[in-house]
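Report on the following structure.
The values are calculated or read from the model by the stated rules, or taken from the named source; none is laboratory data. Please read these numbers as outputs of a predicted model, since none were measured by experiment. All Cβ positions, even for glycine, are placed from backbone atoms using ideal geometry, and neighbour counts span all protein chains on display.
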Amino acid sequence: MKKLTIRNKLFVGFLLIATAVVVSNLITITTSQRILTHYERSRRTLHIKSEPLLMLQNKLLRAAMPVNDFLINNLERENKEFRQFEVAIEKDFAAVSKSAIDPSVARLIGEAHTKWRAAKRRADHLLITGASLESNGYSEMKMFDEEIFDSATILQTAHARLEVVMASDLERAREHRRQAYVVAGVFFIVLILVAMATSIWLARSIIRPIEIFRTESRRVGHGHLDQRISLHTNDEFELLANDFNWMAERLQKSREDLHELSVKDEMTDLYNHRELLRLLSREIQYAHRTNEPLSLMMIDIDCLKQVNDVRGHLAGDETLRAVARVIDGEMREGDWAARYGGDEFCVILPGTDLAGGAAIAQRIKDSVARDQIISENRHLGRGVSIGCAELHHHCGNETDIIHAADQALYVAKRSGKNCVSSSTVPQNITAASEQRLNTGEPRSGKS
């Protein structure tokens, strides 16, 4: 899928809104012009159609005057004047008959034309025979006037009918105007909805990712480094989310590394003294709460001082690491091993009584001896001394159990080294080893 960048989204959004405005204006202008054009055409048609009828009606009434004057004065110019009216009236009848827009109007124009022809025949008779008012010319003249008047009256009726027809056309024009307004209104509403939809789309495409970034950034700032942003917008926000996730992963990894450094001994990769005390305190509380056994081993490397003196401190460091690897390899799941300080190690054994702890201690001692970690110079001795203590169910804390294991270790050292000694936390123990517990310093004189 091709990327639709934020810039392109803004461009498309503004283009849609601008298109909606332009189309709305065009529809309004076109509709207005259509309404005005139709309305003006209707009024123009009314004027064009009604004016010839009025003029023809006027000519009919005027055409009677030359005939009346001829009967009185018997002058030839009255005859010529009537003939001129005759030609003009016939021409106008032909025009209005041809342009009649309604059958009823055309029928009325035909009746008026028939009346005019009857009046014209009577006028021809009067003008040709030259009848006077004293003879029967008066009655003929009266009938001629009546026929002319009837023709004009019929044209007046046709004009009125034409106005009715044109009023209907005007009403249809108004209806078209109303419909055009409705169509324009519908288009305007649709375009407004398009503009609103475009605005919502732009808001969701821009504001929503910003809110997500703001929320997740605050969570990361509060220490929740496992937070990740999942955006599939296929634009710059998705790229920014990927960078944010990469940054969060690096921060999480850095924090894990820092935590590892803060709890692990750098040389042996076992837990350090501070973490040992924390783990031991937690396991003691659990043991008291559940009445499960808990044992602790204190391990001391025999003759490490001589190794340092004879083979150097690098060999001594390697000896520490080798013993640490053996201890770590003999531990079960749930056990905790730590470097207590100097050449001493501690192993916490949750759910293990004194006999079980002694058995594990024996395996560690045998593994150290079997691997001949410090066996190259036999006169230096080899192996480890281990003191094992079990926590009493009703009393004892980390100070007590460490002191008990320390005392057991002292017994093992006094018994010839490279052996295991065990004891329990006594009911009424002193805190003589509390200072050593807090400092993590090895006992003086232990080798």
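Of the residues making up the range 99-130, those that are under 13 Å from LEU162 (Cβ atoms) and not hydroxyl-bearing (Ser, Thr, Tyr) are ALA100, ILE101, ASP102, PRO103, VAL105, ALA106, ARG107, LEU108, ILE109, ALA112. Inside the range 282-315, can you point out the residues that are modelled with pLDDT under 90, surrounded by fewer than 22 Cβ atoms within 10 Å (Cβ to Cβ) and among the acidic types (Asp, Glu)? Selection gives ASP309 alone. Scanning the range 101-123 for residues that are without any contact (Cβ under 8 Å) to a residue 24 or more places away in the chain and either of a type in the set (Lys, Arg) or not assigned by TED's automatic domain parsing to the domain that holds ALA158 (or both) yields ARG107, ARG117, ARG121. Does LYS264 satisfy the condition of being without any contact (Cβ under 8 Å) to a residue 12 or more places away in the chain and surrounded by 14 or more Cβ atoms within 10 Å (Cβ to Cβ)? Against the criterion (without any contact (Cβ under 8 Å) to a residue 12 or more places away in the chain and surrounded by 14 or more Cβ atoms within 10 Å (Cβ to Cβ)), LYS264 qualifies. Just one of the numbered conditions (1) closer than 25 Å to LEU251 by Cα; (2) surrounded by 16 or more Cβ atoms within 10 Å (Cβ to Cβ) is not true of SER205: (1). ASP366 fulfils the conditions (1) at pLDDT 85 or above; (2) in contact with a strand residue (DSSP E or B) (Cβ under 9 Å, 6 or more places away or on another chain) except for a single criterion, (2).
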